[in-house]
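Single-structure report; data block below.
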Amino acid sequence: MRQVAIVGIGHTRFGKHADRRLVDLMGEAALAAMSDCELSPGPAAVDQVLAANMGGGIVNHETGIASALASTLNLTPVPAELVENGPASGASAVKLGHAMIAGGMAETVLVVGGEIMKAVSGSRATDFVATLLHPDAEYTVGVTLPAFAGMFTRLYMDRYGLTERQLAAVAVKDHDNALLNPYAHLHKQVTLKDICGSPEAEQKNPLVADPLRLYGVCPVSDGAAAVLLCAADSLRFKALNTHPTVVISGIASATDTHCVQDRLDPLILNAVRNSAERAYRMAELTPEDISFAELHDAFVILELAIAEEIGLFARGTAGEAAIAGETAIDGSIPINPSGGLKAKGHPLGATGVSQIYELVKQLRGEAEPGRQVNNPLHGIAVNFGGFGNNVVTTICSREEP
Amino acid sequence: MIDTVDERATDISIRAAVCPVCGRILYPIPLVCSCGQVHDLDGPPWEEREIAGPCTLLTWTRLKALPDGFTENEMILGMVEFSNGVRAIGLLDSESPKLGMELEAEVQPCNAGEYRHGPRYVLKETSCVSS
């Protein structure tokens, strides 16, 4: 299998871009990724474009996004396809791009994820995301992703004694990190006292999906991110590799039952565990080798549960670790130095690509002062589709010169 | 021909299927059982049965941000398990839900918004079940 490097990365600000066309926003991230490796757009610039998006057709009334992207970037006649895998579309597209290069179909693949969700109301955006649930057993009932997160949180609290204060500590840490990330949606510092432990705090941090509160849930965001993949043994790599070398050392995905209630134990995230095990095996690494993680905390409970499922903490202990500061930038295993979905934002199709953007930025040592992890060698990202129905785990590593 | 009858929400039963090979009761009904038996192909037909009645609350949430189509201010949703092992999610009609409480699942039609039409469970405290 050919080794695949990430030579270019690009990102738009996450937040509100409802006045932009989806393809233009994705094109902005793509151009940034090409500029990052000093590549000019043109018909022979890359061998393949993969676009990642979930709701263009439903929310923005835009389809054919991959071909429109290739055209507006003047990349035609490049092959271009759209990858849709719910909120895990971004990392799925990176996985497919990796497979194309590793398998010899391409030497360079431009992966661009993007989403514009704020063009519609919050209730419509929530409804659109819920279309990935089972149409009869879940969607018709009124179940949403926040509803599942609320039910999951209650069960987790009951079994492991997780406290609201521990959950709030995840949000506080994510907001701190996002404050230093120029691309993050929320630039707002909060303290534990602000959002937990008093009637004033409860007013500021109301219940959304009991026991999950407002600061336990990610914002609805627009945004785009892009990465340029390149075969590490190619001549083009020598020209495009203008930063410290970062490679994809492991990438894998797995699925779980469509209906969450069908799982023997609803607290076990099988797809997270299976995809992580495969990614670790491919990278020939263990959880102890990981320097930092970007985890899919669309709901803060998921940062804890995913961290445990991929072996960073024993089951039921991640909450204590969060409040002890172990997951902070200067902690033993920094989690979500970007601010995570909770504070950086969660434009669905962009999220998985954005997580990998962050892995590369950290491994290069190029993160902004204050949120750069100390000398990282291996970073892991988990992109979580549905409520754990389809999950992609990616491990990136810095190659020593 | 123009179809002038909307039959989307007229069937208010919720049905599961029994795998003729392993006996597992399956809801929602898949095309293939976890034992590998394919639904109604080259084998005995799958018996269908209505699922409702007594069940136990596994977890629940009070949802404050409802999706498009619902007009209520909030909705309580619960995940339950029936005595035959089938699990389902329904609307929870209880002011003070507790994990492990016994409930009675009734099937009622849901018609919310453009796409939510069909039967759903309403989970009631045993003392509040309609006669």
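The values are calculated or read from the model by the stated rules, or taken from the named source; none is laboratory data. Bear in mind the structure is a predicted one, so any value in this text is a computation, not a measurement. All Cβ positions, glycine included, derive from the backbone under ideal geometry; neighbour counts span all protein chains shown. In case anyone asks, the SASA skips ligands and DNA or RNA and just uses the protein heavy atoms, side chains included. Shrake-Rupley method; radii C 1.70, N 1.55, O 1.52, S 1.80 Å.
Just to be sure I understand: with springs between alpha-carbon atoms less than 10 Å apart, which residue in A:THR153, A:THR317, A:THR242 has the highest mean-square fluctuation in the Gaussian network model of chain A?
Of the options given, A:THR242 has the highest mean-square fluctuation.
So what's the back-of-envelope 222 nm ellipticity for the protein assembly as shown, counting only DSSP H runs of four-plus at -39500 (n - 2.57) apiece and dividing by all residues, rounded to 500?
Working: 14 runs with 146 residues, N = 532.
So the calculated ellipticity at 222 nm is -8000 deg cm²/dmol.
Tell me which of A:GLY161, A:ALA367, A:VAL129 sits at the most positive position along the dipole axis of the protein assembly as shown, charges placed on C-beta atoms (Lys, Arg +1; Asp, Glu -1).
A:ALA367
Any idea which of A:GLY311, A:GLY325, A:GLY339 is furthest toward the positive side of the dipole for the stretch A:308-353, if Lys and Arg beta-carbons carry +1 and Asp and Glu beta-carbons -1?
Of the options given, the answer is A:GLY339.
About its Cα centre, how strong a charge dipole does the stretch A:256-401 have in debye, to the nearest 20, once Lys and Arg get +1 and Asp and Glu get -1 at the Cβ? The partial results should precede the final answer.
On the way: 11 positive and 20 negative charges, 64 e Å.
Rounded to the nearest 20 debye, it is 300 debye.
Name the residue farthest towards the positive end of the dipole of the stretch A:227-340 from the options A:PHE299, A:SER234, A:CYS259, assuming +1 on Cβ of Lys and Arg, -1 on Cβ of Asp and Glu, about the Cα centre.
The residue sitting most towards the positive pole is A:SER234.
Under the definition of partner shielding as Cβ atoms of other protein chains within 10 Å of a residue Cβ, what is the mean value for peptide A:332-338? Write out the running numbers ahead of the final one.
Working: counts 0, 0, 0, 0, 0, 0, 0.
Taking the mean over all residues of the peptide, I get 0.
Over the whole of B:53-65, what's the average partner chain Cβ count within 10 Å per residue? Rounded to a whole number, please. Can you show the working numbers first?
Details: counts 0, 0, 0, 0, 0, 5, 13, 6, 17, 8, 13, 10, 11.
Neighbouring Cβ atoms belonging to other protein chains average 6 per residue here.
Given the alpha-carbon gyration tensor of the protein assembly as shown, what are the semi-axes of its equivalent ellipsoid in whole angstrom, ordered largest first, with each equal to the square root of 5 times an eigenvalue? Intermediate values should be presented prior to the final figure.
Working: eigenvalues 308, 144, 98 Å².
Ellipsoid semi-axes (Å, largest first): 39, 27, 22.
With the full set of protein chains in place, find how many percent of the accessible area of the protein assembly as shown is carbon and sulfur; take the probe as 1.4 Å. Write out the running numbers ahead of the final one.
Values: 10380 of 20480 Å².
Using a 1.4 Å probe with all protein chains present, the protein assembly as shown comes out at 51 percent carbon and sulfur.
Using only the C-alpha atoms of chain B, find the volume of their convex hull and express it per residue in Å³. It would help to have the intermediate numbers written out before the result.
Numbers: hull volume 20.5 nm³, N = 131.
Roughly 156 Å³ of hull volume per residue.
Starting with the highest mean, order A:290-300, A:349-359, A:155-165 by the number of other Cβ atoms within 10 Å, averaged over the residues of each peptide. Write out the running numbers ahead of the final one.
On the way: A:290-300: 26.1, A:349-359: 32.3, A:155-165: 17.1.
Packing order, densest peptide first, comes out as A:349-359, A:290-300, A:155-165.
Just tell me the longest site-free run in chain B, where the sites are GluC sites (Glu not before Pro) in a DSSP loop having at most 15 other beta-carbon atoms within 10 Å. Don't skip to the end; give the middle numbers.
Details: sites that count: B:GLU7, B:GLU72, B:GLU74, B:GLU95, B:GLU114.
It works out to B:8-71.
Relative contact order (percent) for the stretch B:51-128, with alpha-carbon contacts under 8 angstrom and 6 or more residues of separation?
Numbers: 165 pairs, mean separation 24.9, N = 78.
Averaging sequence separation for qualifying contacts and normalising by length gives 32 percent for the stretch B:51-128.
Let me check the size of the stretch A:200-302 from its C-alpha atoms; what are the radius of gyration and Dmax in Å?
When restricted to Cα atoms, the stretch A:200-302 yields Rg and Dmax of 19.3, 61 Å.
Highest first, please rank the peptides A:102-114, A:323-335 by the mean number of other Cβ atoms sitting within 10 Å of their residues. Walk me through the numbers before you get to the answer.
On the way: A:102-114: 23.9, A:323-335: 18.5.
Highest mean packing first, the order is A:102-114, A:323-335.
Across all directions of projection, what mean area in square nanometres is found for the Cα convex hull of the stretch A:1-88? Numbers along the way, then the final one.
Working: hull surface 26.3 nm².
Result: a mean projected hull area of 6.6 nm².
Could you compute how much accessible area chains A and B hide from each other, both sides summed, with a 1.4 Å probe? Nearest 100 Å² is fine. Don't skip to the answer; put the middle values down first.
Working: alone 14620 and 8440 Å², together 20480 Å².
The buried area between A and B, both sides summed, comes to about 2600 Å².
If you count, for each residue, the other Cβ atoms within 10 Å and average over each peptide, how do A:208-221, A:11-24 line up from highest to lowest? Don't skip to the end; give the middle numbers.
Values: A:208-221: 22.9, A:11-24: 20.1.
The packing order, highest mean first, is A:208-221, A:11-24.
Placing +1 at every Lys and Arg Cβ and -1 at every Asp and Glu Cβ, with all other atoms neutral, what dipole size does the stretch B:51-128 have around its Cα centre, in debye to the nearest 20? Intermediate values should be presented prior to the final figure.
Details: 7 positive and 11 negative charges, 37 e Å.
Taking the Cα centre of the stretch B:51-128 as origin, the dipole is about 180 debye.
Out of A:GLU308, A:GLU366, A:GLU277, any idea which swings most in a Gaussian network model of chain A, alpha carbons joined below 10 Å?
A:GLU366
Quick one: grab Rg to one decimal and Dmax as a whole number for the stretch A:139-279, Cα atoms only, in Å.
Rg, Dmax (Cα atoms, Å): 20.0, 62.
May I ask you to derive the FRET efficiency for A:GLU38 and A:THR317 from their Cβ-Cβ distance with R0 = 45 Å, giving the value to the nearest 0.05? If you can, show how the numbers build up before the last one.
Details: r = 45 Å, r/R0 = 1.00.
That gives a FRET efficiency of 0.50.
Over all residues in A:257-268, what is the mean tally of Cβ atoms on other chains that come within 10 Å of each residue's Cβ? Please report the intermediate quantities before stating the final value.
Values: counts 2, 2, 6, 3, 11, 8, 1, 0, 0, 4, 1, 0.
Counting other chains' Cβ atoms within 10 Å and averaging over A:257-268 gives 3.
Using the Karplus curve 6.51 cos²θ - 1.76 cosθ + 1.60 with θ = phi - 60°, work out ³J(HN,Hα) for each residue of the stretch A:185-198 in order, rounded to whole Hz, and write x for Gly and Pro.
Per residue, the Karplus-derived 3J(HN,Hα) values read 5, 9, 10, 8, 7, 10, 10, 4, 5, 5, 10, 8, x, 8 Hz.
Report the gain in length on full extension from A:GLU366 to A:GLN189: 0.36 nm times residue separation, minus Cα-Cα distance, nm rounded to one decimal. Let's see the in-between values first.
On the way: separation 177, 0.36 × 177 = 63.72 nm, distance 2.27 nm.
Full extension of this stretch gives 61.4 nm more.
Name the residues whose placed amide hydrogens come within less than 5 Å of the amide hydrogen of B:ARG120, ignoring near sequence neighbours (fewer than 5 apart) on the same chain.
Amide H to amide H, under 5 Å and 5 or more residues apart or across chains, B:ARG120 pairs with B:GLN108, B:CYS110.
Convex hull volume of the Cα atoms in the stretch B:51-128, per residue, in Å³?
On the way: hull volume 7.0 nm³, N = 78.
Taking the convex hull of the Cα positions in the stretch B:51-128, it is 90 Å³ per residue.
So what are the ³J(HN,Hα) numbers for the stretch A:9-26, from phi and the Karplus equation (6.51, -1.76, 1.60; θ = phi - 60°), rounded to whole Hz, Gly and Pro as x?
Once θ is set to phi - 60°, the couplings for the stretch A:9-26 become 9, x, 8, 9, 5, 7, x, 10, 10, 4, 8, 9, 7, 3, 5, 5, 5, 5 Hz.
Find the centroid of the Cα atoms in the stretch A:92-122 and in the stretch A:259-336, then give the distance between the two in whole Å.
About 23 Å separates the Cα centre of the stretch A:92-122 from the one of the stretch A:259-336.
Run the dipole for chain A about the Cα centre, Lys and Arg Cβ at +1, Asp and Glu Cβ at -1, nothing else charged, and hand back the magnitude in debye, nearest 20. Show your work: numbers first, answer last.
Numbers: 29 positive and 44 negative charges, 76 e Å.
I would put it at about 360 debye.
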